[in-house]
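The values are calculated or read from the model by the stated rules, or taken from the named source; none is laboratory data. Only a predicted model underlies this, so the values are computations on that prediction, with no experimental measurement involved. Backbone-built Cβ (ideal geometry, glycine too); neighbour counts: all protein chains shown. Side chains are part of the model used for accessible areas, which takes the heavy atoms of the whole protein and leaves out ligands, DNA and RNA. Shrake-Rupley method; radii C 1.70, N 1.55, O 1.52, S 1.80 Å.
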Amino acid sequence: MVKVTLKGLLAHKLRLALTALSVVLGVAFVSGTFVLTDTINRTFDDLFGEVSANIDVIVRAESGFGGDTGVDVIRDTIDERLLATVASVPGVHLVEGSVGGYAQIIKPSGEVVATTGAPTLGFNWGTIEEMSPLQLREGRAPERDGEVVIDVRTARSNSLAVGQQVGVIFRTGTDQFTVVGLTGFGTADNLAGATIAAFELRTAQRVFGKPGRFDTIDAAGDGTLTSIELRARVAAAMPAGIEVVTSDQVADEGARAVKQAMGFFGTALLTFAGISLFVGAFIIFNTFSILVAQRTRELALLRALGASRRQVLGTVLAEALVVGLVSSAVGLGLGVLFALGLQALLGGFGIDLPSTTVQFLPRTVVASFLVGTVVTLAAAVSPARRAARVAPVTAMRDGGAGGDGSLRRRAVAGGTTVAAGFAALFTGLFADLDNGLPLVGLGAGLTFIGVAMLSPLVARPLAGVIGAPLSRMGRMAGKLGRQNSMRSPRRTAAAAAALMIGLGLVGSVSVLSASIKESSTRIFDRSLAADFAINTSNFMPSISPKLAEDLATRAELGAVTELATGPWELDGARKDLFGATATNLRETLNLEMVEGDFANLARGQLLVEESAAAANGWSVGDTVPMTFARTGTQQVQVGGTYRRNELAGSHLISLEMFDANFTDRLDFVVLATVAPGVSAGAARAAITEVAANYPNVTVRDQAEVKEENRRQIDQLLGLITALLALAIVIALFGIVNTLALSVFERTRELGLLRAVGMGRRQVRSMVRVESMITSVMGAILGLGVGVFFGWALQRALADEGIDVLVIPAGQLLSYVVLAALAGVLAAVWPARRAARLDVLSAITYE
């Protein structure tokens, strides 16, 4: 039986190669993702370990959040006089204070140096070289006010050089500096895409608004104590509210923060790898089903010669195992190239990674082979069992595949699977779970499987309807192509199922995208009262509060409102908090009070959105324990509740209260109205004049805000659709494989058609018609499921403001047309192969 298996593989190597391709691509995604993420993790572990190697302990303010809060929590500053206290502790050899904050560089042309979401960091330049994470690469260190050192990557990518004048935007305003040096962060040219600007200490304290203060104090021992012993000794000399930690802990926090910030990348890639493998499983199932049908006589002869059902089952599964192992090995190798390509792509986006060896861990090898072989074997189990059930005498008498199962049983099984998928999907979307995504994924998978099981029930009539116009246009070739699709509804449905998954997901993204855009437009209509919104291109909190101060002095403007956001904790759960200008917020936002008095916002009380208040059981007058990283737990009274306003969030305090509990506030948007008697053009001109000093912001009126929001939604969901296109490409390979196998199976039939006068062009047309019918069927089934998924996602997000369902009929119809065109392309090779068959050889083919 081993020899039979090997000969079977060699006899069908071309057919199985197309099947293996789908597994190869999926495994390449998996292995490449693991290689890339492991390399990134190792890179930043080494980098942060390297820059803290000569530091033993770090002194900083305690976090009110407590526990392992990480570097993303902005703590309070500490008095610079503690530097002398730390230096006086026995065992301390070197000490250095550091201060940092927001610093965005402006090029000499006046354009801002933008990042793709990475922070724009500013620091003081450390005077003790061995303790500083910044390493001078060119020029000199900053020595006086008006001098700055920037990172190498920012300088090179923006044509900046030593000696040039640049502007820098801070939380406190904008200032001009001369570039006197270029630096790296450890051995890297920058830190994961962030820009770096470094100043001498007193300048840094001034521009960051921290005179006489440090963020941290670094200390290195004289070698007589371990870092743990030194930490205990320094901690004993510190006042209340100050904590002392080892440099290893801070290095771990820094590396973990960067890895978490980039973690979405690996998660997204693994998700798309899973989708690709899921699509590939349908192709494997279809391929092995067809191969089993074509080899019915061969398998029956083995049974007649004494092979048991178990041996026949083992033969088919062994073939699948070999396909899975070979595909996994090839995919594993391609995954390394895939990871290198992704690393180069990150570099193109400004995320520079220090040079390190590619991390090829045993986990990657095991996961790749496990995923590839398990998916292949699981998909081949049903065809293998069908092969084992073939009756020898019946199969030798009839070249068909034998029974393919009862349609009634298929309907029951498919209906049950769809019902289970719906149950899992709706539970994941609507139940109160900590993480419903796994259930959503399971529900979507079961739904697709169930629909694929049910699709043969509608394949014949659907193929007839789709093929009707093609049969009229293509005459005899069109009629035969339509009849071939209708003659094998199971095969046609199975080939269409793979494409159904890809287009189903694309369709759901399209529905969700259209719904989000329309809902967002309505959110702005009902929530925004301001005439103008000033924000950054990435909508991140990076606007200097000085901008609003400058705008408030302009007579052309009425109300000027700042909005800021930051984290707080309630019973250990992290929540978002908005801070707003209390005096004129209701002039720029449509905020409708339900209970309480809006004036309580200015009195230091908390306003809560009504559903959030109900969920927590809060009423006006209740006291809420709000925990802040800077100030710890504060007892804050609820001053009122308001109707949902997505632009105001669920919890709202005044800017004065926000500044009292947060460090280094930056606004994420500034809203402004036109003063009475002033034209909108004059008001805009005034805003533009002030904003010229802050080139990181953009001025938009209400219509432009809505359009920009729609553009960003299109950009994000367009990227998702592009990644889903891989699943569609894999599905098209499945159609190619199915058509090629169909040509092999119908060799004699095609020969007879040629013998009675059908031309090669007609043969090609017939195969193309079959492919178009299959592709359009997959598109129709997939988009039907996709619209359902899109509706379910929209309903699940209704409470988040996505309360309008939009079905983009024109866009979905274009996908059907594209699917038909893709079907024509998929049929090119099988059609040419069918047309080139030798007539006499085909007639005598067995």
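Laid out as a table, the results:
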| read-out | value |
| --- | --- |
| For Q164, distant residues with modelled amide H under 5 Å away | V179 |
| Compactness relative to 2.2 N^0.38 Å, alpha carbon Rg of segment 98-236 | 1.11 |
| For segment 537-565 and segment 200-238, distance of Cα centres in Å | 35 Å |
| Cα gyration tensor shape of segment 164-267, rounded if a/c is under 1.5, else prolate or oblate by comparing a/b with b/c | oblate |
| Cα-based shape type of segment 512-551, given that a ≥ b ≥ c are square roots of the gyration tensor eigenvalues and the cut on a/c is 1.5 | oblate |
| Over 20 Å [Cα-Cα, segment 426-528], rounded percent | 61 percent |
| Span per principal axis, largest first, for the Cα atoms of segment 242-292 (Å) | 72, 15, 12 |
| C-alpha long axis of helix 489-527 to longest principal axis of the chain, angle in ° | 30 degrees |
| Cα-centred dipole magnitude for segment 760-846, charges only on beta-carbon of K, R (+1) and D, E (-1), debye, nearest 20 | 720 debye |
| Segment 725-835: radius of gyration and largest Cα-Cα distance (Dmax), Å | 18.9, 66 |
| Euclidean distance between Cα centres, segment 493-523 to segment 687-757, Å | 11 Å |
| Probe 1.4 Å, accessible area per residue of the chain, Å² | 42 Å² |
| Protein-only accessible surface order, largest first, of D838, D175 at 1.4 Å | D838, D175 |
| Part-to-part distance (alpha-carbon centres) for segment 114-158 and segment 318-342, which is given in Å | 43 Å |
| Listed residue (V207, A219, G266) projecting farthest to the positive dipole end of segment 179-276, Cβ model | V207 |
| Charged-residue dipole, Cβ positions (Lys, Arg, Asp, Glu), the chain about Cα centre, Debye nearest 20 | 7400 debye |
| Option label - Rg/Rh (Cα atoms, Kirkwood Rh) computed here, alternatives (1) 1.06; (2) 0.99; (3) 1.10 | (1) |
| Accessible-area composition of segment 174-302, carbon plus sulfur, in percent [1.4 Å probe] | 59 percent |
| Amide proton proximity set for T183, modelled H, under 5 Å, gap of 5+ | R137, I150, D151, V152 |
| Electrostatic dipole magnitude of segment 97-248 [Cβ: Lys, Arg +1; Asp, Glu -1; Cα centre; debye, to 20] | 380 debye |
| Among S537, A514, T561 - extreme Cα towards positive end, dipole of segment 474-581, charges at beta-carbon | A514 |
| For L589, residues with placed amide H under 5 Å, excluding near neighbours | A529 |
| Nearest-10 value in Å² for the accessible area of R460, using the 1.4 Å probe | 110 Å² |
| Karplus (6.51, -1.76, 1.60) ³J(HN,Hα), θ = phi - 60°, over segment 363-379, in Hz, Gly and Pro reported as x | 4, 5, 5, 4, 5, 5, 5, 5, 4, x, 6, 5, 4, 5, 5, 4, 6 |
| Viscosity 1.306 mPa s, 10 °C: Kirkwood-radius Stokes-Einstein D of segment 592-718 over Cα pairs, µm²/s | 91 µm²/s |
| Residue-level accessible surface for S308, protein heavy atoms, 1.4 Å, Å² | 50 Å² |
| Apportionment of accessible area to carbon and sulfur, segment 640-708, percent (1.4 Å) | 54 percent |
| Cβ-based charge dipole, the chain, positive-most Cα from T287, V620, L505 | T287 |
| All-pairs alpha carbon distance profile, segment 202-259, 5 Å steps from 0, percent | 4, 15, 19, 18, 19, 18, 7, 1 |
| Filter on K546/K706; K259/K575; K546/K575; K259/K706; K107/K546 - keep pairs with C-alpha separation over 30 Å | K259/K706 |
| Directionally averaged projected area (convex hull, Cα atoms, segment 127-208), nm² | 5.2 nm² |
